[in-house]
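One structure below.
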Amino acid sequence: MRCPYCRHADSRVVDSREADDGQLIRRRRSCPECGKRFTTVEEAVLAVVKRSGVTEPFSRIKIIGGVRKACQGRPVDEDSIALLAQKVEETIRAKGAAEIPSHDVGLAILGPLRDLDEVAYLRFASVYRSFDSLADFEREIETLRAAARAREGAGDGDGVAAAGAAGRTN
Ligand SMILES: [Zn+2]
(Lines give C-alpha, C1' and ligand atoms only; values in the text may rest on other atoms or scores of the structure.)
Protein backbone atom coordinates (compact mmCIF):
# COMPACT_ATOMS: atom_id res chain seq x y z
CA MET A 1 0.00 0.00 0.00
CA ARG A 2 1.42 3.36 -1.11
CA CYS A 3 2.07 5.98 1.56
CA PRO A 4 -0.48 8.81 1.20
CA TYR A 5 2.04 11.33 2.59
CA CYS A 6 5.23 10.77 0.63
CA ARG A 7 3.95 8.36 -2.04
CA HIS A 8 6.53 5.77 -1.05
CA ALA A 9 5.53 2.52 -2.76
CA ASP A 10 5.38 0.37 0.35
CA SER A 11 4.16 0.44 3.94
CA ARG A 12 4.26 -1.82 6.96
CA VAL A 13 1.25 -3.06 8.91
CA VAL A 14 1.72 -2.28 12.61
CA ASP A 15 -1.74 -3.24 13.88
CA SER A 16 -4.87 -5.04 12.57
CA ARG A 17 -8.21 -4.81 14.22
CA GLU A 18 -11.63 -6.16 13.36
CA ALA A 19 -14.49 -3.69 13.37
CA ASP A 20 -18.23 -3.81 12.78
CA ASP A 21 -18.53 -7.36 14.13
CA GLY A 22 -15.81 -8.65 11.85
CA GLN A 23 -17.33 -7.08 8.71
CA LEU A 24 -14.16 -5.14 8.17
CA ILE A 25 -10.56 -4.93 9.26
CA ARG A 26 -8.77 -1.71 10.07
CA ARG A 27 -5.03 -1.75 9.62
CA ARG A 28 -2.65 0.77 11.08
CA ARG A 29 0.25 1.18 8.70
CA SER A 30 3.60 2.82 8.98
CA CYS A 31 5.68 4.23 6.14
CA PRO A 32 9.35 3.11 6.25
CA GLU A 33 10.33 6.18 4.23
CA CYS A 34 8.73 9.13 6.08
CA GLY A 35 7.70 7.34 9.27
CA LYS A 36 4.11 8.61 9.16
CA ARG A 37 1.20 6.38 10.06
CA PHE A 38 -2.13 5.94 8.36
CA THR A 39 -5.15 3.65 8.54
CA THR A 40 -6.66 1.45 5.86
CA VAL A 41 -9.97 -0.36 5.94
CA GLU A 42 -10.46 -3.70 4.29
CA GLU A 43 -13.88 -5.20 3.62
CA ALA A 44 -15.26 -7.82 1.28
CA VAL A 45 -16.55 -6.41 -1.98
CA LEU A 46 -20.25 -7.05 -2.28
CA ALA A 47 -21.41 -7.35 -5.87
CA VAL A 48 -24.99 -6.87 -6.99
CA VAL A 49 -25.96 -8.99 -9.98
CA LYS A 50 -28.49 -7.24 -12.17
CA ARG A 51 -31.13 -9.03 -14.20
CA SER A 52 -28.97 -8.59 -17.30
CA GLY A 53 -26.17 -10.53 -15.57
CA VAL A 54 -24.02 -7.41 -15.23
CA THR A 55 -22.55 -6.93 -11.75
CA GLU A 56 -21.90 -3.68 -9.96
CA PRO A 57 -20.64 -2.90 -6.46
CA PHE A 58 -23.32 -2.66 -3.81
CA SER A 59 -24.16 0.99 -3.19
CA ARG A 60 -25.93 2.33 -0.14
CA ILE A 61 -26.31 5.64 -2.00
CA LYS A 62 -28.38 3.87 -4.64
CA ILE A 63 -30.65 2.39 -1.98
CA ILE A 64 -31.12 5.83 -0.46
CA GLY A 65 -31.95 7.27 -3.90
CA GLY A 66 -34.58 4.63 -4.63
CA VAL A 67 -36.19 4.89 -1.21
CA ARG A 68 -36.13 8.70 -1.28
CA LYS A 69 -38.01 8.62 -4.57
CA ALA A 70 -40.66 6.34 -3.10
CA CYS A 71 -40.95 8.65 -0.06
CA GLN A 72 -41.51 11.82 -2.09
CA GLY A 73 -44.14 13.99 -0.40
CA ARG A 74 -44.33 11.65 2.56
CA PRO A 75 -43.51 12.64 6.16
CA VAL A 76 -40.24 10.71 6.13
CA ASP A 77 -37.00 12.47 7.05
CA GLU A 78 -33.53 11.89 5.59
CA ASP A 79 -32.28 10.30 8.81
CA SER A 80 -34.94 7.60 8.62
CA ILE A 81 -34.02 6.89 5.00
CA ALA A 82 -30.31 6.70 5.87
CA LEU A 83 -31.11 4.37 8.74
CA LEU A 84 -33.23 2.17 6.49
CA ALA A 85 -30.41 1.95 3.94
CA GLN A 86 -28.01 0.99 6.71
CA LYS A 87 -30.42 -1.71 7.88
CA VAL A 88 -30.72 -3.04 4.32
CA GLU A 89 -26.95 -3.16 3.92
CA GLU A 90 -26.56 -4.99 7.23
CA THR A 91 -29.25 -7.51 6.24
CA ILE A 92 -27.53 -8.16 2.94
CA ARG A 93 -24.01 -8.36 4.32
CA ALA A 94 -25.20 -10.66 7.11
CA LYS A 95 -25.95 -13.27 4.43
CA GLY A 96 -22.20 -13.50 3.93
CA ALA A 97 -22.45 -13.90 0.16
CA ALA A 98 -19.98 -12.23 -2.19
CA GLU A 99 -22.69 -11.68 -4.79
CA ILE A 100 -26.35 -10.88 -4.39
CA PRO A 101 -29.07 -10.65 -7.04
CA SER A 102 -30.53 -7.13 -7.38
CA HIS A 103 -33.90 -8.77 -6.77
CA ASP A 104 -32.79 -9.68 -3.24
CA VAL A 105 -31.71 -6.10 -2.60
CA GLY A 106 -35.24 -4.93 -3.45
CA LEU A 107 -36.64 -7.64 -1.21
CA ALA A 108 -34.48 -6.47 1.69
CA ILE A 109 -35.83 -2.93 1.22
CA LEU A 110 -39.51 -3.90 1.28
CA GLY A 111 -39.74 -5.01 4.93
CA PRO A 112 -38.17 -1.95 6.59
CA LEU A 113 -39.88 0.39 4.13
CA ARG A 114 -43.27 -1.03 5.08
CA ASP A 115 -42.48 -0.26 8.71
CA LEU A 116 -41.42 3.24 7.77
CA ASP A 117 -44.27 4.39 5.54
CA GLU A 118 -47.01 2.29 3.98
CA VAL A 119 -47.66 4.61 1.05
CA ALA A 120 -43.97 4.73 0.14
CA TYR A 121 -43.91 0.96 0.51
CA LEU A 122 -46.81 0.59 -1.94
CA ARG A 123 -45.07 2.85 -4.45
CA PHE A 124 -41.83 0.91 -4.16
CA ALA A 125 -43.56 -2.46 -4.28
CA SER A 126 -45.61 -1.47 -7.32
CA VAL A 127 -42.44 -0.76 -9.31
CA TYR A 128 -40.35 -3.53 -7.83
CA ARG A 129 -43.02 -6.20 -8.25
CA SER A 130 -44.28 -4.71 -11.54
CA PHE A 131 -47.87 -4.23 -10.44
CA ASP A 132 -49.96 -3.94 -13.58
CA SER A 133 -53.49 -3.96 -12.30
CA LEU A 134 -55.65 -2.56 -9.52
CA ALA A 135 -55.98 -6.11 -8.25
CA ASP A 136 -52.26 -6.15 -7.50
CA PHE A 137 -52.63 -3.03 -5.37
CA GLU A 138 -55.73 -4.41 -3.67
CA ARG A 139 -53.94 -7.60 -2.75
CA GLU A 140 -50.97 -5.66 -1.36
CA ILE A 141 -53.20 -3.29 0.61
CA GLU A 142 -55.11 -6.24 2.02
CA THR A 143 -51.78 -7.71 3.12
CA LEU A 144 -50.90 -4.42 4.83
CA ARG A 145 -54.26 -4.33 6.58
CA ALA A 146 -53.85 -7.91 7.73
CA ALA A 147 -50.40 -7.11 9.09
CA ALA A 148 -51.79 -4.05 10.88
CA ARG A 149 -54.56 -6.16 12.40
CA ALA A 150 -52.01 -8.74 13.51
CA ARG A 151 -49.94 -5.98 15.14
CA GLU A 152 -52.99 -4.75 17.00
CA GLY A 153 -53.52 -8.26 18.31
CA ALA A 154 -56.90 -8.56 16.64
CA GLY A 155 -55.51 -10.37 13.61
CA ASP A 156 -55.71 -14.01 12.73
CA GLY A 157 -52.97 -16.40 11.64
CA ASP A 158 -53.66 -15.72 7.97
CA GLY A 159 -52.66 -12.08 8.32
CA VAL A 160 -49.30 -12.97 9.76
CA ALA A 161 -48.70 -15.59 7.10
CA ALA A 162 -49.61 -13.13 4.33
CA ALA A 163 -47.24 -10.53 5.75
CA GLY A 164 -44.50 -13.15 5.80
CA ALA A 165 -45.19 -14.11 2.19
CA ALA A 166 -44.86 -10.47 1.17
CA GLY A 167 -41.17 -10.60 1.96
CA ARG A 168 -40.86 -9.31 5.47
CA THR A 169 -37.19 -9.50 6.32
CA ASN A 170 -37.07 -8.60 9.98
ZN1 LIG B 1 5.66 8.05 3.65
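Here are a few things to note about the model shown:
- Residue list for segment 30-47, restricted to those being closer than 30 Å to I100 by Cβ and within 16 Å of the ligand (Cβ to nearest atom): T39, T40
- In segment 71-102, of all residues being among the hydrophobic types (A, V, I, L, M, F, W, C) and more than 15 Å from the chain's Cα centre (by Cα), the one that is nearest to L116 (Cα to Cα) corresponds to V76.
Residue by residue, here is whether (1) in a helix (DSSP H, G or I); (2) surrounded by 15 or more Cβ atoms within 10 Å (Cβ to Cβ) holds:
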site	(1), (2)
S52	no, no
I63	yes, yes
V67	yes, yes
P75	no, no
E90	yes, no
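- Long-range neighbours under 7 Å by Cβ, at least six apart or interchain, first residue at negative phi and part of a loop (DSSP other than H, G, I, E, B) within segment 13-34, second within 16 Å of the ligand (Cβ to nearest atom) and polar (S, T, N, Q): C31/S11
- Within segment 1-29, restricting attention to residues that are more than 16 Å from the ligand (Cβ to nearest atom) and of a type in the set (S, T, N, Q), the residue that is surrounded by the fewest Cβ atoms within 10 Å (Cβ to Cβ) is S16.
- Only listed residue being hydroxyl-bearing (S, T, Y), more than 24 Å from A19 (Cα to Cα) and not assigned by the TED database to the domain that holds Q23, chosen from S102, S59: S102
Matching residues to (1) in contact with a Phe, Trp or Tyr (Cβ under 7 Å, 6 or more places away or on another chain); (2) assigned to a helix (DSSP H, G or I); (3) among the aromatic types (F, W, Y); (4) closer than 17 Å to G73 by Cα:
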residue: R93; (1), (2), (3), (4): no, yes, no, no
residue: A97; (1), (2), (3), (4): no, no, no, no
residue: H103; (1), (2), (3), (4): no, yes, no, no
residue: G106; (1), (2), (3), (4): yes, yes, no, no
residue: L113; (1), (2), (3), (4): yes, yes, no, yes
residue: Y121; (1), (2), (3), (4): no, yes, yes, yes
residue: V127; (1), (2), (3), (4): no, yes, no, no
residue: F131; (1), (2), (3), (4): yes, no, yes, no
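- Here A85 fits the description: without any contact (Cβ under 8 Å) to a residue 40 or more places away in the chain, part of a helix (DSSP H, G or I) and not hydroxyl-bearing (S, T, Y).
- Considering T143, T55, T91, the condition of being hydroxyl-bearing (S, T, Y) and in contact with a strand residue (DSSP E or B) (Cβ under 9 Å, 6 or more places away or on another chain) is satisfied by T55 alone.
- Test: residue in segment 26-36 that is touching a Ser or Thr at 6+ places or on another chain (Cβ under 8 Å) and assigned by the TED database to the domain that holds V105: no
The values are calculated or read from the model by the stated rules, or taken from the named source; none is laboratory data. All of these numbers come straight from a predicted model, not from anything done at the bench. Virtual Cβ from ideal backbone geometry, glycine too; neighbours counted across all protein chains shown.
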